[in-house]
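Written below as structure tokens is the structure these notes are about.
The values are calculated or read from the model by the stated rules, or taken from the named source; none is laboratory data. What you see is a predicted model, and the numbers here were worked out from it, not measured in a lab. Note that each Cβ is placed from the backbone with ideal geometry, even for glycine, and that neighbours are counted across all protein chains shown.
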Amino acid sequence: MRRLALFLIFLLPFTAIAGAQKYEPLAASVQAALSRAVADQAPPKSSFVDSMEAIDWLSEMSRRLEKRIPVRESRLEFLRAVHYEATRAGLDPQLVLGLIQVESGFKKYAVSTAGARGFMQVMPFWIKVIGRSDDNLFHLRTNLRFGCTILRHYLDIEQGNLYRALGRYNGSLGQPEYPNLVRSAWHKQWIYSSNRVATR
């Protein structure tokens, strides 16, 4: 099993390993909170602490992502959106990059056999539950906003247990393969720490 997981990780840039979030009835208050969270509003400001942090992070992540998204402008737009939506949802942007690598292989128009769509492989039922009829899950920011909001919701349900939250996200709760693949992609490909030394 471990050899299979390592083989799949090796293939990650070329394949998508997506499951499907499962519909679970939501309390009205939870549904309302999630609907507010995915309201389609343009980012009011940068999610970076300062311009130097933005330059460092975007430069490093852009270098790592170049083979998967060759066009520089598209790559930077994607990375800014990932950082903003992940930070907005209280998630590590590098974790979200690992999840996207596993879910869609960074393919904007990926569709799974279960019907999950886009970078974060969001199931269309979420539009009916918390979105609007004209929400487009192939739109970059819409897909990221839904995906990050859903993962945050699952983390809250699981009281911060990432392993179980990832299982819910993929529709494979209790099975180790998917959470292990995401963690491996996150730690091997996307872990980041700034080299800048804080000055007083």
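Restricting attention to region 130-163 and to residues that are in contact (Cβ under 8 Å) with a residue 12 or more places away in the chain and among the charged types (D, E, K, R), the residue that is surrounded by the most Cβ atoms within 10 Å (Cβ to Cβ) turns out to be Arg145.
Assess whether Thr113 counts as being over 24 Å from Arg64 (Cα atoms), touching a residue at least 12 places away in the same chain (Cβ under 8 Å) and among the polar types (S, T, N, Q).
The answer is no for Thr113.
Within region 151-162, identify whether any single residue is within 15 Å of Ile100 (Cα to Cα) and in contact with a Pro (Cβ under 8 Å, 6 or more places away or on another chain), and answer yes or no. Scanning region 151-162, I find no residue that is within 15 Å of Ile100 (Cα to Cα) and in contact with a Pro (Cβ under 8 Å, 6 or more places away or on another chain), so the answer is no.
None of Arg200, Arg141 is modelled with pLDDT under 95, within 12 Å of the chain's Cα centre (by Cα) and under 24 Å from Glu53 (Cβ atoms) except Arg141. The lone criterion from (1) touching a Gly at 6+ places or on another chain (Cβ under 7 Å); (2) in a loop (DSSP other than H, G, I, E, B) left unmet by Asn136 is number (1).
Cβ-Cβ distances below 8 Å connect the following pairs, each with a first residue in region 70-91 that is closer than 16 Å to Asp56 by Cβ and touching a residue at least 40 places away in the same chain (Cβ under 8 Å), a second residue that is part of a loop (DSSP other than H, G, I, E, B) and among the polar types (S, T, N, Q), and a separation of six or more residues or different chains: Thr87/Ser47. Regarding Ala185, is this residue of a type in the set (Gly, Ala, Ser), part of a helix (DSSP H, G or I), within 19 Å of Pro93 (Cα to Cα) and out of contact with any Gly (no Cβ under 9 Å at 6 or more places or on another chain)? Answer is no for this residue. Quick check, is Glu53 among the acidic types (Asp, Glu), modelled with pLDDT under 95 and within 13 Å of Cys148 (Cα to Cα)? Against the criterion (among the acidic types (Asp, Glu), modelled with pLDDT under 95 and within 13 Å of Cys148 (Cα to Cα)), Glu53 does not qualify. Listed by first and then second residue, the pairs linking a residue in region 31-53 that is under 18 Å from Leu137 (Cα atoms) to a residue that is at pLDDT below 75 and assigned to a loop (DSSP other than H, G, I, E, B), with Cβ atoms under 9 Å apart and 6 or more places separating them unless they lie on different chains, are Leu34/Leu26.
Candidates are the residues of region 164-197 that are of a type in the set (Val, Ile, Thr) and either crowded, with 23+ Cβ neighbours inside 10 Å or within 18 Å of His83 (Cβ to Cβ) (or both); the one that is modelled with the lowest pLDDT is Ile191. Scanning region 40-96 for residues that are among the hydroxyl-bearing types (Ser, Thr, Tyr), in a helix (DSSP H, G or I) and over 16 Å from Met120 (Cβ atoms) yields Ser51, Ser59, Ser62, Ser74. Looking only at region 102-129, which residues are within 17 Å of Ala165 (Cβ to Cβ) and either touching a helix residue (DSSP H, G or I) at 6+ places or on another chain (Cβ under 6 Å) or not in a loop (DSSP other than H, G, I, E, B) (or both)? Passing the criteria: Val102, Glu103, Met120, Gln121, Val122, Trp126.
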